[in-house]
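Read through the structure below, which is laid out as structure tokens, and then see the notes.
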Amino acid sequence: MEKRRLRDLWREARELSFGTSGEVERLESPPTPLRFLRDYVAANKPCVISRAATLHWPAIARSLWSDDAYLCRVLNGRSVSVHLTPHGRADSLVPLPSAPGGGRGLCFATACSRNMEFSEALHLIAATGSPSSPVVAYAQQQHDCFRAEYSALAADVEPHIPWATEALACLPEAVNLWIGNGRSETSFHKDHYENLYVVVTGKKHFLLLPPTEAHRLYVRSYPAAQYVARTSSSSEEMGELKLEMLEPETLVPWCSVDPYPRSPEAMAEHRSSFPLYFEGPRPFECTVEAGEMLYLPSMWFHHVRQTPDCNGKTIAINYWYDMVFDIKYAYFNFLQTISHSPCTKESSSMLCNSSCDATLED
């Protein structure tokens with residue numbers, strides 16, 4: 001009964017507001033503040049805006065950030081944060097160190113963070129895009145990192161999105177820069193921000209699910225762990241990363257679903273364990289090309305992969321605006337407290353938790 005009612009909610013929300021095609025609406029020009037607020041923010045509905053929104057940015061118009069020499073010259077001597085994992089999936093579920101065979105023994109693993117000079121970081125990101133590299137590097141510090149670590153690039157982009165700032169009546173809470181390679185991937189999560197996400201070079205591939213479909217991702221609590229480097233601080237001697245559990249034990253609520261299992265066996269196991277995801281409506285999908293902007297509404301779950309440019313990197317910048325904690329938040333928060341009939345013995349002992357928020361990368 002609960003599962004049927006949830007499916008009715010998903011269907012009605014899509015038919016009445018989000019659309020049923022699985023495609024994200026595309027706009028040929030930036031919306032007016034009124035249209036943005038009325039048709040997208042208030043409706044909690046994503047959209048992709050064409051390059052017309054960013055063609056006046058030097059980073060886009062002159063392809064400045066595609067030029068490694070330019071970036072290294074402007075950021076010469078700057079120290080930036082780089083996150084390291086063995087596989088490119090920072091802040092994601094991996095087998096417990098004590099259960100390397102996988103199965104039911106999973107933990108929530110965060111990346112090893114290193115500070116290094118920008119040119120060294122850029123070289124490491126490109127080099128670790130190779131499948132043979134035992135480490136994948138991703139510059140994805142968040143916490144307003146663009147205005148802190150990368151402020152020398154400020155003249156290349158806008159400090160905020162004017163029509164969004166007018167519509168939301170505030171400036172961005174944070175502006176973040178992301179530099180990764182083709183192995184960088186973000187697991188499903190959500191943010192309590194209105195997100196304007198611009199790809200500057202390369203491409204980003206998004207899977208999106210609205211908050212009304214939170215149950216499809218089987219949010220559960222997992223013990224937290226972190227990767228640590230076994231070797232010295234030199235990137236040339238980075239070597240192997242070791243996964244260590246946090247002490248005292250810390251539980252983190254996270255989405256259990258991997259939409260792209262790495263083997264047919266893993267896919268079969270995922271389909272059996274998480275039928276609400278794999279048998280439900282298809283997720284919304286979009287590819288954001290260089291110069292395009294994605295409006296990602298607050299509380300939408302998103303999974304992100306990327307395709308690098310000819311220099312082996314993808315660069316994006318995003319603007320996080322505070323969301324309004326209005327009646328929609330109350331409705332969605334209540335919805336996520338409602339349990340559904342468990343589909344496996346394992347899931348019957350785990351409770352869904354509503355706070356699967358970003359600590360992490362895009």
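Given the C-alpha atoms of region 44-172, compute the convex hull and give its volume per residue in Å³.
170 Å³
Given the options VAL257, THR307, VAL48, identify the residue whose Cα lies farthest towards the positive end of the charge dipole of the chain (+1 on Cβ of Lys, Arg; -1 on Cβ of Asp, Glu).
In the chain, that residue is VAL257.
Hey, what's region 1-92 come to in accessible area per residue, 1.4 Å probe, Å²?
I get 50 Å² per residue for region 1-92.
Roll a 1.4 angstrom probe over the protein heavy atoms and tell me the percent of accessible area of the chain that is carbon or sulfur.
The computed percentage sits at 53.
Using only Cα positions of the chain, each an equal point scatterer, no hydration layer, compute I(q)/I(0) via Debye at q = 0.07, 0.08, 0.15 Å⁻¹ and quote the log10 values to two decimals.
The Debye formula, applied to the Cα set alone, gives -0.30, -0.39, -1.40.
Which ³J(HN,Hα) values, rounded to whole Hz and listed in residue order, are derived for region 135-151 from phi using the Karplus coefficients 6.51, -1.76 and 1.60 in 6.51 cos²θ - 1.76 cosθ + 1.60 with θ = phi - 60°, glycine and proline given as x?
9, 10, 9, 8, 8, 7, 5, 6, 6, 6, 5, 5, 7, 9, 7, 10, 4
How large is the dipole of the chain about the Cα centre if only Lys and Arg carry +1 and Asp and Glu carry -1, each at its Cβ, rounded to the nearest 20 debye?
The dipole magnitude comes to about 780 debye.
How much FRET efficiency would the formula 1/(1 + (r/R0)^6) give for TYR70 and PHE334, where r is the Cβ-Cβ distance and R0 is 35 Å, rounded to 0.05?
The computed FRET efficiency comes out at 0.10.
Enter the accessible area per residue of region 138-243 (Å², integer; probe 1.4 Å; all protein chains in place).
Heavy-atom accessible area per residue stands at 31 Å².
Taking H placed 1.01 Å from N in the peptide plane, check which residues at least 5 places from GLY88 or on another chain put their amide H under 5 Å from its amide H.
So GLY88 has HN proximity to VAL136.
Could you give the dipole magnitude of region 252-340 about its Cα centre, charging the beta-carbon of Lys and Arg +1 and that of Asp and Glu -1, in debye to the nearest 20?
Approximately 100 debye in magnitude.
So what's region 33-111 giving for Rg/Rh, alpha carbon basis, Kirkwood Rh from the mean inverse pair distance?
Here Rg/Rh amounts to 1.19.
What are the residues whose amide H is under 5 Å from the amide H of CYS286, where those residues sit 5 or more places off or on another chain and H is modelled from the backbone?
Here the answer is PHE206, since their amide H atoms fall under 5 Å of that of CYS286.
Quick one: which residues, 5+ away or cross-chain, put their amide H under 5 Å from the amide H of LEU246? H built at 1.01 Å from N.
Here ALA224, ALA225, GLN226 satisfy the definition.
Within the set LYS3/LYS328; LYS45/LYS313; LYS3/LYS204; LYS203/LYS242; LYS204/LYS328, which residue pairs have Cα atoms separated by over 26 Å?
Listed pairs above 26 Å: LYS45/LYS313; LYS3/LYS204; LYS203/LYS242; LYS204/LYS328.
At 1.567 mPa s and 4 °C, plugging the Kirkwood radius over alpha-carbon pairs of region 3-65 into Stokes-Einstein gives what diffusion coefficient in µm²/s?
Rounded to a whole number, D works out at 93 µm²/s.
I need the per residue convex hull volume for region 108-203, using only the alpha carbons, in cubic angstrom as a whole number.
Each residue corresponds to 134 Å³ of Cα convex hull volume.
Nearest 20 debye, what's the magnitude of the dipole of region 3-126 about its Cα centre given +1 on Lys and Arg Cβ and -1 on Asp and Glu Cβ?
Once rounded to the nearest 20, the dipole reads 520 debye.
Send over the semi-axes of region 171-277's equivalent ellipsoid, whole angstrom and largest first, taken as the square roots of 5 times the C-alpha gyration tensor eigenvalues.
Working from the Cα gyration tensor, I get semi-axes of 26, 23, 17 Å.
With an 8 Å Cα cut-off and a minimum separation of 6 or more residues, compute the relative contact order for the chain in percent.
Relative CO of the chain lands at 26 percent.
The values are calculated or read from the model by the stated rules, or taken from the named source; none is laboratory data. Please read all numbers here as calculations on a predicted model, not as lab measurements. Here Cβ is always computed from backbone atoms with ideal geometry, including for glycine, and neighbour counts include all displayed protein chains. For the accessible areas, the whole protein counts, side chains as well, though only heavy atoms, and no ligand, DNA or RNA atoms are used. Shrake-Rupley method; radii C 1.70, N 1.55, O 1.52, S 1.80 Å.
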